[in-house]
Amino acid sequence: MHILNYYFTPFAVILIVFAVYFSEPGKNVTYASFAILAASFGINYWFTKNTYRFMRWMHNIRALMVWLNLLTSTVLFYLLFPYWAPMWLLFIIAPATSAMFMKKSRVFFIAFASAAAMLGAYYVKSILLDMPFGSQLWATASVQALFLIFFSMFVAAMSEMILKVRDSLR
């Protein structure tokens, strides 16, 4: 989880700050986005700070954090993607984090859920805005979704390979 806080959290903050600064969404969207980001940061920080206090439940807590990060990414994506196209990159956070400590089958499930959440948010927003996506936009969204799955599986394979190398050196 420390890796999440060192790399993905600053990336998410930069992505959201850029989305708000350069696209200027409404005040409600801006305030909601920063409130969600602050709450997510606070929860991640608290769990990371108290990691060793909950050693018995660590695996469950890590899984909970992955799902909370996916939920946070989904809400932030839903709020900001009409204003800032790169917001889909938030969906990399949860499955890539899970790839560091979960089996490949669970990583695939989380990556698939992440991709489905992204595609679902695209669909719901297109209905609400009464702007149906054309085939080219759905193709683009589908490639993004596939990237989430392939990248997550790549990170899982790399994590597994690193553990094998480490164990072979003992």
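The values are calculated or read from the model by the stated rules, or taken from the named source; none is laboratory data. Just so it is clear, the model here is predicted, and its values are computed rather than measured. Note: ideal-geometry Cβ built from the backbone for every residue, glycine included; neighbour counts use all protein chains shown.
Please specify each residue of the range 54-88 satisfying the condition of being surrounded by fewer than 17 Cβ atoms within 10 Å (Cβ to Cβ) and under 10 Å from the mean Cα position of the chain (by Cα). Passing the criteria: Trp67, Leu68, Leu71.
Tell me, please, whether a residue that is of a type outside the set (A, V, I, L, M, F, W, C) and surrounded by 12 or more Cβ atoms within 10 Å (Cβ to Cβ) can be found in the range 159-168.
First, pick out the residues of the range 159-168 that are of a type outside the set (A, V, I, L, M, F, W, C): 159-160, 164, 166-168.
Keeping just the survivors that are surrounded by 12 or more Cβ atoms within 10 Å (Cβ to Cβ) gives 159-160.
Checked the range 159-168: at least one residue is of a type outside the set (A, V, I, L, M, F, W, C) and surrounded by 12 or more Cβ atoms within 10 Å (Cβ to Cβ).
Would you be able to say whether some residue in the range 71-89 is without any contact (Cβ under 8 Å) to a residue 12 or more places away in the chain, in a helix (DSSP H, G or I) and aromatic (Phe, Trp, Tyr)?
Taking the range 71-89 first, the residues without any contact (Cβ under 8 Å) to a residue 12 or more places away in the chain are 71, 85.
Narrowing further to those that are in a helix (DSSP H, G or I): 71, 85.
Retained after the next criterion (residues that are aromatic (Phe, Trp, Tyr)): none.
There is no residue in the range 71-89 that is without any contact (Cβ under 8 Å) to a residue 12 or more places away in the chain, in a helix (DSSP H, G or I) and aromatic (Phe, Trp, Tyr).
Take the residues in the range 90-103 that are modelled with pLDDT under 90 and assigned to a helix (DSSP H, G or I); name whichever of them is surrounded by the fewest Cβ atoms within 10 Å (Cβ to Cβ).
Taking the range 90-103 and keeping what is modelled with pLDDT under 90, we get 93-94, 96-103.
After this cut, where a residue has to be assigned to a helix (DSSP H, G or I) as well, the list is 93-94, 96-98.
Values: Ile93: 22, Ala94: 28, Ala96: 26, Thr97: 24, Ser98: 27.
This residue is Ile93.
Can you pull out every residue in the range 96-148 that is among the aliphatic types (A, V, I, L, M) and closer than 15 Å to Val66 by Cα?
At the first step, the residues of the range 96-148 found to be among the aliphatic types (A, V, I, L, M) are 96, 99-100, 102, 107, 110-111, 113, 115-119, 121, 124, 127-129, 131, 137, 139, 141, 143, 145-146, 148.
Matches in the range 96-148: Ala96, Ala99, Met100, Met102, Val107, Ile110, Ala111, Ala113, Ala115, Ala117, Leu148.
For the range 129-170, filtering for residues that are more than 18 Å from the chain's Cα centre (by Cα) and either outside any helix (DSSP H, G or I) or closer than 15 Å to Leu119 by Cα (or both) leaves 14. Of Met65, Met58, all but one fail to be under 21 Å from Phe151 (Cα atoms) and part of a helix (DSSP H, G or I); the exception is Met65.
Which ones in the range 105-156 are surrounded by 15 or more Cβ atoms within 10 Å (Cβ to Cβ) and charged (D, E, K, R)? Matches in the range 105-156: Arg106, Lys125. Looking at (1) crowded, with 21+ Cβ neighbours inside 10 Å; (2) touching a residue at least 40 places away in the same chain (Cβ under 8 Å); (3) polar (S, T, N, Q), which is the only condition Thr48 fails? Only one criterion in (1) crowded, with 21+ Cβ neighbours inside 10 Å; (2) touching a residue at least 40 places away in the same chain (Cβ under 8 Å); (3) polar (S, T, N, Q) is unmet by Thr48, namely (1).
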